[in-house]
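The values are calculated or read from the model by the stated rules, or taken from the named source; none is laboratory data. These numbers were taken from a predicted model, which means no experiment stands behind them. Neighbour counts run over all protein chains shown; Cβ positions are idealised from the backbone, glycine included. For the accessible areas, the whole protein counts, side chains as well, though only heavy atoms, and no ligand, DNA or RNA atoms are used. Shrake-Rupley method; radii C 1.70, N 1.55, O 1.52, S 1.80 Å.
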Amino acid sequence: MTDTTSNKMWGGRFAAGPDAIMEAINASIGFDKRMAAQDIAGSRAHAAMLAATGIITDSDAEAIREGLLTILSEIEGGTFEFSTALEDIHMNVEARLKEVIGEPAGRLHTGRSRNDQVATDFKLWVRDQLDAFEGGLVALIQALLGQAEAGADWVMPGFTHLQTAQPVTWGHHMMAYVEMLGRDLSRVRDARARMNESPLGAAALAGTSFPIDREMTAQALGFDRPAANSLDAVADRDFALEFLSCASICAMHLSRFAEELVIWSSAQFRFVTLSDRFSTGSSIMPQKKNPDAAELIRAKVGRIFGANTALMLVMKGLPLTYSKDMQEDKEQVFDAADNLMIALAAMEGMVRDMTGNRAELAAAAGSGFSTATDLADWLVRVLGLPFRDAHHITGTLVGMAEKQGCDLPDLTLAQMQSVHADINESVFDVLGVENSVNSRMSYGGTAPAQVRAQIERWKGLLA
């Protein structure tokens, strides 16, 4: 395909071609060629509709269809020559179509504009990404369910302020991320349903005088309906912003989990062992096993947040309908999508491969006076004390244990009775971490029975 500035496809209005700087700033083919498959799908649907409505002949439509399939094969085979002078994927495809089939190619653009064409292509591309996003989330949730099921009754410390708070179960902790990612899944599905309206046929901004059938093209491209307002159809980029918003929240969730994996895999915690597949060594310290995959996932959120902010700023001051500013809508979305999908895949791999170190988790669960709340609850439940009094008594006992360098279960009954005379032997039943987690039977609690019920609920939701 010849790269030339003569006979520009936008016609005779401009006698001279743009200089090199204008060509460089104006061209988008370097990145929007990623939408080639969507562009060709939209053109095939448009051509079939033009023939069905009698706007072009069946023979021209067939020539266009065959030509487009040839071009798609060239692109997929890596033999297509993209031209910067032809600006974008739409003009590159149309120019090549003319080379392949001749005069009928000029009829393809009847009843549409590059404005509705690019909106359609981009929406189709984002829709594909939302589908991939959904698949990645489901795979990661299933990996977490596997970990939760294996360790539904493993005790570990629960934290607030990264300080030991109360004992929880490994399964309960895994299921917390299932809930987070489940909200991400809901947002993705919701965004996909809302964006699934076809811009095709809105033309430049006002619609077209040709008797097109927008319902037909919408159906052919898998949209639920045509967009109802031609101005909004070409001006809208909410679908891209929603994708980036969903991606940003999900990336934040992944980053939070990645931070925990970095902490948990350290020599100071040893809660988990990450597989060699998702770790690296040090060039100088042979003992090191670095959680690089988790650290990189943690960093991806910056790029994805940045893309969300960048596109919001591009769109914030644009009057209706199309402005060339909107050419800047794609690179951020492409980059965010790439980084989100690799982060989801890497996190799924780490979760499937990682080993929870049950003994280390259990040892940590019993440290840091983690059953202090259980003691306070026992004082309320068994001795009938007001909770504030129970809180004060428990704090006194924690201070006593701290001075003696032991934990609450290591205090003698006599020592406890020196703080409150009515404390009896049954108090020791609640001071063990196993008893603590088993007692948390409230809905959504950490008791293994509750965890297993939530695992089964999620299996049903994903079935």
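For T394, are the conditions met, namely being over 30 Å from G136 (Cα atoms), surrounded by fewer than 16 Cβ atoms within 10 Å (Cβ to Cβ), of a type in the set (V, I, T) and outside the structural domain of A143 (by the TED database)?
Criteria not met by T394.
Out of (1) assigned to a helix (DSSP H, G or I); (2) farther than 26 Å from T355 by Cβ; (3) hydrophobic (A, V, I, L, M, F, W, C), what's the single condition that is false for L145?
(2)
Report the residue count in segment 52-106 for those that are surrounded by 13 or more Cβ atoms within 10 Å (Cβ to Cβ), in contact with a Ser or Thr (Cβ under 9 Å, 6 or more places away or on another chain), of a type in the set (S, T, N, Q) and in a helix (DSSP H, G or I).
1
Any residue at all in segment 284-293 that is modelled with pLDDT under 95, in the same structural domain as L140 (by the TED database) and part of a helix (DSSP H, G or I)? Let's see the steps before the verdict.
Within segment 284-293, the first condition is being modelled with pLDDT under 95, and the residues that meet it are 284-293.
Now drop any that are not in the same structural domain as L140 (by the TED database), which leaves 284-293.
From what is left, the residues that are part of a helix (DSSP H, G or I) are 292-293.
Yes, the conditions are met somewhere in segment 284-293.
Give me a count of the residues in segment 403-423 that are more than 18 Å from A365 (Cβ to Cβ) and open to solvent by 60 Å² or more (accessible area, probe 1.4 Å).
9
Which residues, counting only those in segment 164-215, are within 30 Å of T373 (Cα to Cα) and either polar (S, T, N, Q) or open to solvent by 60 Å² or more (accessible area, probe 1.4 Å) (or both)?
T164, Q166, T169, E179
Sort out which residues of segment 302-331 are farther than 23 Å from R34 by Cα and in contact with a helix residue (DSSP H, G or I) (Cβ under 8 Å, 6 or more places away or on another chain), and write them in order of number.
Listed by number, the residues that qualify are L318, L320, T321.
Show the residue pairs that are 6+ apart or on different chains and have beta-carbon atoms under 7 Å apart, the first residue being within segment 387-410 and among the β-branched types (V, I, T), the second being in a loop (DSSP other than H, G, I, E, B).
Pairs found: I393/V419; I393/H420; T396/V419; V398/F369.
What pairs come out if I take residues in segment 296-316 that are more than 15 Å from D335 (Cα to Cα) and pair them with residues that are open to solvent by 60 Å² or more (accessible area, probe 1.4 Å) and part of a helix (DSSP H, G or I) whose C-beta lies under 6 Å away, six or more apart or interchain?
Filtered contacts from segment 296-316: R298/E259; V314/D325; V314/E328.
For the subset of segment 436-446 comprising residues that are loosely packed, with under 15 Cβ neighbours inside 10 Å and of a type outside the set (A, V, I, L, M, F, W, C), which member is nearest to A372 (Cα to Cα)? Steps first, answer last, please.
Of the residues in segment 436-446, the ones loosely packed, with under 15 Cβ neighbours inside 10 Å are 441-444.
Okay, now just the ones that are also of a type outside the set (A, V, I, L, M, F, W, C), so 442-444.
On the way: S442: 19, Y443: 22, G444: 21 Å.
Top of the filtered list is S442.
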